Amino acid sequence: MTSTASAATGQDRTQQATVPQFAVISGAQVRRVLQGREKEIVELVETTYRLHGAGASVNPPSYFLRFPDRPSARIIALPASIGGQMCVDGLKWISSFPANVAAGVPRASGVLILNDPDTGYPFACLEASIVSATRTAASAALAADRLSSGRGRPTRVGFVGVGLIARYIHTFLAGTGWSFDEIGVHDLSADSAAGFRGYLEQSGTAGRITMHDSAEELIRSSDLIVFATVAAQPHVTDLSWFAHNPLVLHVSLRDLAPMILLASTNVVDDIEHCLKANTSPHLAEQLTGNRDFLLGTLADVIAGRVTVPADRPLIFSPFGLGVLDLVVGKYVYDKVMSSGDLQVIDDFFHELHRYG
Ligand SMILES: NC(=O)c1ccc[n+]([C@@H]2O[C@H](COP(=O)([O-])OP(=O)(O)OC[C@H]3O[C@@H](n4cnc5c(N)ncnc54)[C@H](O)[C@@H]3O)[C@@H](O)[C@H]2O)c1
């Protein structure tokens, strides 16, 4: 007997377990569900951070598959499980091949598998790059909102590295009520910078757009700075560029020299996760031998367990949690199912009787 996953993951856990049907959800379907729902997704991400902060999730370390012959590439496995009302298990399997970009192919690609918590059966495979970009941007917009309260809302934003993630972050900031007087853009690639400028102009943003030749110029003239590069090691090393105490969304994690973190207030999404894989916080820990430079997590800030000082630069470094992908993926699954557009693969699970 098979069922859709909503029945299998429904309230009545005492029912006899049934094998869920297996569905495939395309990027086009994912995009249709998520587009224009920025506020709702930011709320979902906030709820997930709270649940994760309260221990209602299982989120082991991400596993990095790397290749000796392709050192810039990697594929990351992010397994996770979340309880509460959402109640779903799963895995995001996402590649990063930065060399794709020169050939006009996006850097990241991936799939998200959702598993039924009753039977363990996978019940859906979703295109994951849009889910991933969406949860990353929602987390950034949430952090910008919560971390700027008490220090004044920034009106000058600057983006360092302007690929897909920067575009999603801008869309999420705009979609959750942010507007800017000035938008600074800096990218090593003139094509990327021009593409992002084109996106901004099309999006109808009112702010003045300035293209910066250097990261220094952009940082000095922005109150909110978004790093979304593919830098493998720190390329921003001068603390004096941050003398105006900006809020920094350090989404690409490896741009800032550890000395800059050590002179700043640092907030992360998850301490154990973030102090790995040579992120800038990991380098700061290696340099000092301790974690004293961390104020806490975004969940700590949201819950009021820590107070964010306004007299230092404030840096948010989100490692990116698999639970966020799961929750956004399950949200998409539920919407596609309720609209009747779920594409089920008939007979995906075939050997369902132990002895034939
Ligand atoms: N923390 C998270 O949860 C999370 C989630 C998703 C992606 N990311 C990270 O976000 C980053 C951006 O992803 P994307 O898909 O937009 O990549 P992308 O390849 O589309 O864009 C990256 C851009 O950065 C530019 N760049 C590289 N080095 C630079 C430098 N030193 N200074 C200025 N510009 C530079 C490139 O020219 C490119 O335009 C990646 O590092 C990715 O790993 C983080």
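Do we have HIS170 as more than 15 Å from the ligand (Cβ to nearest atom) and either under 18 Å from PHE316 (Cα atoms) or part of a strand (DSSP E or B) (or both) here? In short, no.
Condition first: out of contact with any Gly (no Cβ under 6 Å at 6 or more places or on another chain), over 30 Å from ASP341 (Cβ atoms) and more than 16 Å from the ligand (Cβ to nearest atom). Can you find one or more residues in the stretch 124-147 that meet it? Looking through the stretch 124-147, at least one residue is out of contact with any Gly (no Cβ under 6 Å at 6 or more places or on another chain), over 30 Å from ASP341 (Cβ atoms) and more than 16 Å from the ligand (Cβ to nearest atom).
All conditions in (1) outside any loop (DSSP other than H, G, I, E, B); (2) at pLDDT below 95; (3) crowded, with 19+ Cβ neighbours inside 10 Å; (4) not aromatic (Phe, Trp, Tyr) hold for ALA7, with the sole exception of (3). Can you find a residue that is touching a Lys or Arg at 6+ places or on another chain (Cβ under 8 Å) and within 24 Å of PHE64 (Cα to Cα) anywhere in the stretch 156-163? The answer is yes; a qualifying residue exists. The sole residue among LEU200, LEU249, LEU253, LEU218 that is in a helix (DSSP H, G or I), within 12 Å of the ligand (Cβ to nearest atom), in contact (Cβ under 8 Å) with a residue 24 or more places away in the chain and among the aliphatic types (A, V, I, L, M) is LEU218.
Taking first residues from the stretch 32-49 that are open to solvent by less than 30 Å² (accessible area, probe 1.4 Å) and partners that are of a type in the set (Gly, Ala, Ser) and in a loop (DSSP other than H, G, I, E, B), the Cβ contacts under 9 Å between residues at least 6 apart in sequence or on separate chains come to VAL33/SER339. Of all the residues in the stretch 230-246, those that are open to solvent by less than 30 Å² (accessible area, probe 1.4 Å) and near the ligand (Cβ under 9 Å from one of its atoms) number 2. For the stretch 87-102, the count of residues that are farther than 30 Å from ASN266 by Cβ, assigned to a strand (DSSP E or B) and touching a Leu at 6+ places or on another chain (Cβ under 8 Å) is nonzero.
The values are calculated or read from the model by the stated rules, or taken from the named source; none is laboratory data. What you see is a predicted model, and the numbers here were worked out from it, not measured in a lab. No Cβ is skipped: glycine too gets one built from the backbone with ideal geometry, and neighbour counts run over all protein chains shown. Protein only, heavy atoms only, side chains kept; ligands, DNA and RNA dropped before computing areas. Shrake-Rupley method; radii C 1.70, N 1.55, O 1.52, S 1.80 Å.
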